[in-house]
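Undergrad: First the structure, which I've put down as structure tokens, then a few questions once you've had a look.
The values are calculated or read from the model by the stated rules, or taken from the named source; none is laboratory data. Every value quoted in this text rests on a predicted model; they were computed, and no experiment measured them. Neighbour counts are summed over all protein chains in view; Cβ atoms, including those assigned to glycine, are modelled from backbone coordinates with ideal geometry.
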Amino acid sequence: MFFSALTPPVKPQLVEQFRTLTKPHSPLRLNVGFLLRESVGYSREILLDEPHLAIAADLTVEDLRGSLTFTRTPQGLYVSARLQARTTVECSRCLVEFAQTVFSSFSELYHYPPESASPGDSLIPEDMNLDFSAVVREDMLLSLPLQPLCRSDCKGLCPNCGQNWNERPCDCPTDKGDPRLAVLKRLLDNNPPSPPC
Ligand SMILES: [Zn+2]
Ligand SMILES: [Zn+2]
């Protein structure tokens with residue numbers, strides 16, 4: 001895990017606080033207690049650069065990069081995040097796995113102390129830990145294309161022999177007709193309709 005700040009230059013003791021207060025395998029889970037001790041208007045950008053991270057049971061990513069910006073407000077903490085990563089998906093045409101870039105971008109006001117919040121507001125829990133895994137997971141899964149393509153001109157698989165046409169052509173007949181009609185044609189060829197009496 002690696003944290004650093006863009007501006008102002010990060011104070012070494014703050015980095016140390018993050019290291020000790022953050023769970024080592026959850027860079028998306030941060031203890032924000034020390035940020036709440038800062039005065040209103042204080043802002044800090046945390047950079048994430050994570051080579052490999054299992055965000056959730058159904059989402060593992062590589063090269064998670066981006067920033068989480070925390071701003072102390074009278075109501076609590078305003079958080080704004082811009083993250084991107086790569087995850088492995090299957091091409092919808094040729095079924096080959098490839099790396100697809102996914103994104104997460106959100107901003108949210110987390111209220112503190114909880115008594116100051118209205119129903120429905122996001123709160124900073126008593127243990128001061130904010131876990132962004134759920135919102136990042138949802139964002140990133142929603143950013144995936146419905147029909148991922150390994151490349152825009154993916155040629156796909158031969159519906160007849162299964163050959164990956166990106167690798168090489170096959171020897172199947174190049175009849176571009178509707179494959180459902182081809183099935184019907186084969187049936188008719190084998191069982192010609194009886195001539196009318
Ligand atoms: Zn493909
Ligand atoms: Zn073929």
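Undergrad: Regarding the stretch 111-132, can at least one residue be identified that is in a strand (DSSP E or B) and among the polar types (S, T, N, Q)?
TA: Going residue by residue through the stretch 111-132, those that are in a strand (DSSP E or B) are 111, 122-123, 129-131.
Okay, now just the ones that are also among the polar types (S, T, N, Q), so 122, 129.
Yes, because at least one residue in the stretch 111-132 is in a strand (DSSP E or B) and among the polar types (S, T, N, Q).
Undergrad: Please verify whether F70 is on the phi < 0 side of the Ramachandran plot, surrounded by 16 or more Cβ atoms within 10 Å (Cβ to Cβ) and over 11 Å from the mean Cα position of the chain (by Cα), treating the condition exactly as stated.
TA: yes
Undergrad: Of (1) charged (D, E, K, R); (2) within 16 Å of ligand 2 (Cβ to nearest atom); (3) touching a Pro at 6+ places or on another chain (Cβ under 9 Å), E126 satisfies all except one. Which?
TA: Unmet condition: (2).
Undergrad: Would you check if there is a residue in the stretch 170-183 being modelled with pLDDT of 90 or more and not acidic (D, E)?
TA: To start, the set of residues in the stretch 170-183 that are modelled with pLDDT of 90 or more comprises 170-172.
Checking the rest, the ones that are also not acidic (D, E) come to 170, 172.
Yes, some residue in the stretch 170-183 is modelled with pLDDT of 90 or more and not acidic (D, E).
Undergrad: Let me ask something additional. Picking from T71, T88, which residue would you name as being outside the structural domain of N160 (by TED's automatic domain parsing), within 30 Å of W165 (Cβ to Cβ) and among the hydroxyl-bearing types (S, T, Y)?
TA: T88
Undergrad: While we're here: For the subset of the stretch 146-177 comprising residues that are among the aliphatic types (A, V, I, L, M) and part of a loop (DSSP other than H, G, I, E, B), which member is farthest from V96 (Cα to Cα)?
TA: In this case the residue turns out to be L146.
Undergrad: Any idea which residue in the stretch 110-127 is farthest from the chain's Cα centre (by Cα), counting only those that are buried (at least 16 other Cβ atoms within 10 Å of the Cβ) and within 29 Å of A57 (Cβ to Cβ)?
TA: I124
Undergrad: Would you mind telling me which numbered condition in (1) surrounded by 14 or more Cβ atoms within 10 Å (Cβ to Cβ); (2) touching a residue at least 24 places away in the same chain (Cβ under 8 Å) R82 fails?
TA: For R82, the failing item is (2).
Undergrad: Here is a further query. Tell me the residue from F106, F18, F98, F34 that is surrounded by 13 or more Cβ atoms within 10 Å (Cβ to Cβ), at pLDDT 95 or above, under 20 Å from D131 (Cβ atoms) and more than 16 Å from ligand 2 (Cβ to nearest atom), please.
TA: Working: F18 fails: at pLDDT 95 or above; F98 fails: under 20 Å from D131 (Cβ atoms); F34 fails: at pLDDT 95 or above.
The conditions single out F106.
Undergrad: For D49, only one of the following conditions fails: (1) closer than 30 Å to W165 by Cα; (2) among the charged types (D, E, K, R); (3) over 13 Å from the mean Cα position of the chain (by Cα); (4) assigned to a strand (DSSP E or B). What is its number?
TA: Tallying (1) closer than 30 Å to W165 by Cα; (2) among the charged types (D, E, K, R); (3) over 13 Å from the mean Cα position of the chain (by Cα); (4) assigned to a strand (DSSP E or B), D49 fails exactly one: (1).
Undergrad: Go over the candidates S143, S133 one by one and state the one that is in contact with a Leu (Cβ under 7 Å, 6 or more places away or on another chain), hydroxyl-bearing (S, T, Y) and surrounded by 12 or more Cβ atoms within 10 Å (Cβ to Cβ).
TA: Just a single option satisfies the conditions, and that option is S133.
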